[in-house]
1. How large a share of the accessible area of region 138-256, in percent, is made up of carbon and sulfur atoms when the probe is 1.4 Å and the other protein chains stay in place?
2. Rounded to the nearest 0.05, what FRET efficiency is calculated for Ala108 and Ala149 with R0 set to 30 Å and r the Cβ-Cβ distance?
3. As an exercise, identify the trypsin sites (Lys or Arg not before Pro) in region 51-159 lying in DSSP coil whose Cβ has no more than 14 other Cβ atoms within 10 Å.
4. I need the fraction of alpha carbon pairs in region 81-166 separated by more than 20 Å, rounded to a whole percent.
5. Hey, with R₀ at 51 Å, roughly what FRET efficiency would Trp381 and Arg443 work out to, going by the Cβ-Cβ distance, to 0.05?
6. For region 217-296, what Kirkwood radius comes out of the mean inverse Cα-Cα distance, in Å?
7. Would you compute, from DSSP H runs of 4+ residues alone, the mean residue ellipticity of the chain at 222 nm, taking -39500 (n - 2.57) per run and dividing by the full residue count, rounded to the nearest 500?
8. From the phi angles alone, apply the Karplus equation (6.51, -1.76, 1.60; θ = phi - 60°) to region 277-283 and give each ³J(HN,Hα) in whole Hz, x where the residue is Gly or Pro.
Amino acid sequence: MGEWLNCIELAQHELLLFCGIGFVIGAADDIAIDLLWVVRRCVLALRGCAPSRYLGQLGPPRGPGPIAIFLPLWDESAVVGRMLEACGVRWQGQDYRIFAGVYPNDPATRDAVTLAAARDPRVHLIVNGAPDPTTKADCLNHLWRALIAFEAERGLTVKAVVLHDAEDLVHTDELALFDRLIEDFELVQLPVRAVPVPGSRLVSGHYRDEFIEAHDKQLVVRSWLGAGLPSAGVGCAFSRAMLETIAAREGGLPFCAESLTEDYELGLKVRELEGRQTIVHLAGRDGSLICTRCCFPGRFVDSARQKARWLTGISLAGWDRLGWTRCPAECWMRFRDRRSVFAAFLLLAAYVTGALTLTLWIAVRWLPDYRPQGLSGEADWLVTITALALLWRVVVRCWLVARACGWREALWSPARLLTGNLIAIVAATRALRQYIGYCLGSRLTWEKTSHYFPEADDLAPRPTPVEHLSTRIGPAMIGPAE
């Protein structure tokens, strides 16, 4: 027994050193973003920037024009009808066209869109030529072709292309905001507010915390540094001219059909072409934040499958296609994107270390003859630093969630952080397996995620801090208001 315990203690010590060094590097990376976020707020305050907090303060668009909404669909019959109905109600009086892409072997979704199109002539049914759930990017490319044909037939050119998913609950003032800001930017991203599926506060709820931290802090800093702003694939508008430029560079189609995260890659391509980008937080006419609200998977398995697709597309397969750049800020942000898979396996090693530590703790109390050697000074320091870094991370996330949703939701953040870590470990394992198969010749396809369309009453707006458009620094400066 003593020899086994000595082996366990040795393994625990080495894993502690490995995990500690990895966590210290990750913590320094995250704390740097926190500090830059604070610095940015201070810079704006010292420069006396007069913020615009509401849509009405931006003024009318200089040249109003039609907006196209791309809605790629696969097995979405349960939610797409209600989503399209909500768009028609909330966007009354707006000049837009919805291009809904379906597959020939998905008759239920096709029928739901056909019914919606019969009620609203602004909805256009586009049937994909391939009978599979190919990739979302492939479906979007078919919608792009349909848009080109529509423009040629009607003799017009749309002003912007907006991406949405079937489970999105759109904001009433979304198109008005895009109509105004797309004149100054090639990519405008609205914040995404994840709404927990009923009965899934931890699994579905952890998306809420992650999106708040990402869209209220990380992407704001990313944009401020001049790095590429990855679009979220929902609630984002691209200028028509920029998409055409990307399509010309990519052989006629703007979306990479092999990509599982075409939205992420498209945002970086806009930056490579020196397009102006922003994530904007403004309040609409009703005082609520103009954002996209949607529900994410409520089951652990579904969440891990969805995040595996994100990890495969961003951290692994996307790395092959996009590589690195000479811009230091851009390289830093791509490093942050791509360390997600490695961070998940680091978490797995940390949980194994915790299990070994628990085993040794039990042995000390139940085996009086066993005397552990204890941790080295280096391991002690690493444990202390990582514990403080974890506490900081929890405090920052709780504060951001409380700022957006109230302290009742913030109290769930620690448990959701643990849930998110477990999902990340399973997702990383699945993503690595998918990527190895892709390298060996397997085709990446659009995996179905079950969606829940939220009730409008569940999403009643509440007063929240809104970001602002700085009018004195210039159109590229959008960020948090005090």
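The values are calculated or read from the model by the stated rules, or taken from the named source; none is laboratory data. If you're wondering where the values come from, they're calculated on a predicted model, not measured in any experiment. Neighbour counts run over all protein chains shown; Cβ positions are idealised from the backbone, glycine included. Surface accessibility is based on the protein's heavy atoms, side chains included, excluding ligands, DNA and RNA. Shrake-Rupley method; radii C 1.70, N 1.55, O 1.52, S 1.80 Å.
1. 51
2. That pair, Ala108 with Ala149, gives E of 0.70.
3. Arg62
4. Tail fraction, whole percent: 34.
5. 0.60
6. Taking the inverse mean of 1/r over all distinct Cα pairs, region 217-296 comes out at 13.9 Å.
7. Here the helix-only value at 222 nm equals -17000 deg cm²/dmol.
8. For region 277-283, the Karplus-derived couplings read 10, 7, 10, 10, 10, 10, 8 Hz, x marking Gly and Pro.
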